[in-house]
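Peer 1: Dropping the structure in here first, questions after.
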Amino acid sequence: MAWRSSGATNAELITNLQQNGLITSDRVKTAMLKVTYQPSSHPTTPLPTLPPYQLTPKPKVDRAHFAPRSPYNDNPQPIGHSATISAPHMHASACETLLTYLQPGARVLDIGSGSGYLTAVLAHLVSPGGSVVGIEHIQPLNDMATANFRKSESGREMLESGCVRFVTGDGRKGWGESAPYDAIHVGAAAAEFHEMLTEQLKGPGRLFVPVEEGGRQHIYVIDKREDGTLERKKMYGVQYVPLTDAPK
Ligand code: SAH
């Protein structure tokens, strides 16, 4: 199913993901779309009739700012340092799974933020008023994510307003300084269920994490209820790079 969603443009990729049932929410679709239309500065020029997302004055997220090549293919891609930018359908699935907890004003932790692409989509979903911390253990990848954000006006604004922040550290310990979080996304496969991550969730809150067990990886969704109890659901098989110690 993955390859069938590839497109020639960002809009085509996102439309194909929706047509193949990999994006079902309009909020996720809008956050993943690049918006190219800018309202005219000439008051006499009538505005064309366009779907509402195209009338948003500021561009949103273009995957070409984050993926080094073939940005509109529905595949993961190497970004250096043994890391990959995940496939668009996995980014879509993560957002759809966490969506209830990604309301404007929500706080999010994106572990293994890599290219910064998903951090950007998450930030659009929790805007206005929300914030996303991207944690990565390889400093040059954080530098790359910051440079990727600087390629768009909305990205620069997100960094300058503090709505998005990239920090360097071991994501297996979460990022206690900005906890608790409404949603935590883990973009690399964990060798165990790291308790510090569920401790840093709000109740209610949700953790999306690939976990490796017996040579296979599965996505787990862990919900923390209001009373602090946890509910764990095993979702589907995946293939992520592992969550590891930082390279020496
Ligand atoms: N969401 C990213 C995925 C990048 S791949 C994207 O789509 O671009 C997984 C990332 O996890 C890599 O960048 C890797 O460096 C990072 N990573 C692995 N172990 C980590 C750890 N212990 N702490 C923080 N980041 C880690």
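The values are calculated or read from the model by the stated rules, or taken from the named source; none is laboratory data. Since this is a predicted model, take the numbers as computed values, not measurements. Backbone-built Cβ (ideal geometry, glycine too); neighbour counts: all protein chains shown. Heads up: the accessible areas ignore ligands, DNA and RNA and are worked out on the full protein's heavy atoms, side chains in. Shrake-Rupley method; radii C 1.70, N 1.55, O 1.52, S 1.80 Å.
Peer 1: Looking at (1) open to solvent by 10 Å² or more (accessible area, probe 1.4 Å); (2) touching a His at 6+ places or on another chain (Cβ under 7 Å); (3) of a type in the set (Ser, Thr, Tyr), find the lone condition where Thr100 falls short.
Peer 2: Unmet condition: (2).
Peer 1: Inspect all residues belonging to the range 219-239 and state whether any of them is of a type in the set (D, E, K, R) and within 10 Å of the ligand (Cβ to nearest atom).
Peer 2: Within the range 219-239, none of the residues are of a type in the set (D, E, K, R) and within 10 Å of the ligand (Cβ to nearest atom).
Peer 1: Exactly one condition in (1) of a type in the set (Asp, Glu); (2) surrounded by 21 or more Cβ atoms within 10 Å (Cβ to Cβ); (3) out of contact with any strand residue (DSSP E or B) (no Cβ under 9 Å at 6 or more places or on another chain) is not met by Glu153; state its number.
Peer 2: (2)
Peer 1: Counting only residues that are more than 8 Å from the ligand (Cβ to nearest atom), open to solvent by 20 Å² or more (accessible area, probe 1.4 Å) and either assigned to a strand (DSSP E or B) or modelled with pLDDT of 95 or more (or both), how many does the range 73-88 have?
Peer 2: Result for the range 73-88: 2.
Here is a yes/no grid of residues against (1) outside any helix (DSSP H, G or I); (2) charged (D, E, K, R):
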position	(1), (2)
Ser154	no, no
Leu159	no, no
Glu177	no, yes
Phe193	yes, no
Leu197	no, no
Lys202	yes, yes
Arg206	yes, yes
Val209	yes, no
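Peer 1: Gly114: in a strand (DSSP E or B) and within 11 Å of the ligand (Cβ to nearest atom), yes or no?
Peer 2: Considered against the rule, which asks whether it is in a strand (DSSP E or B) and within 11 Å of the ligand (Cβ to nearest atom), Gly114 comes out as no.
Peer 1: Determine if the range 196-208 includes at least one residue that is open to solvent by 50 Å² or more (accessible area, probe 1.4 Å), within 16 Å of the ligand (Cβ to nearest atom) and modelled with pLDDT under 95.
Peer 2: Within the range 196-208 (the criterion being open to solvent by 50 Å² or more (accessible area, probe 1.4 Å), within 16 Å of the ligand (Cβ to nearest atom) and modelled with pLDDT under 95), the answer is no, since none of the residues qualifies.
Peer 1: Pairs, please: C-beta under 8 Å, at least 6 apart or cross-chain, first residue more than 17 Å from Arg225 (Cα to Cα) and in the range 179-200, second open to solvent by 60 Å² or more (accessible area, probe 1.4 Å) and not in a strand (DSSP E or B)?
Peer 2: His194/Lys173
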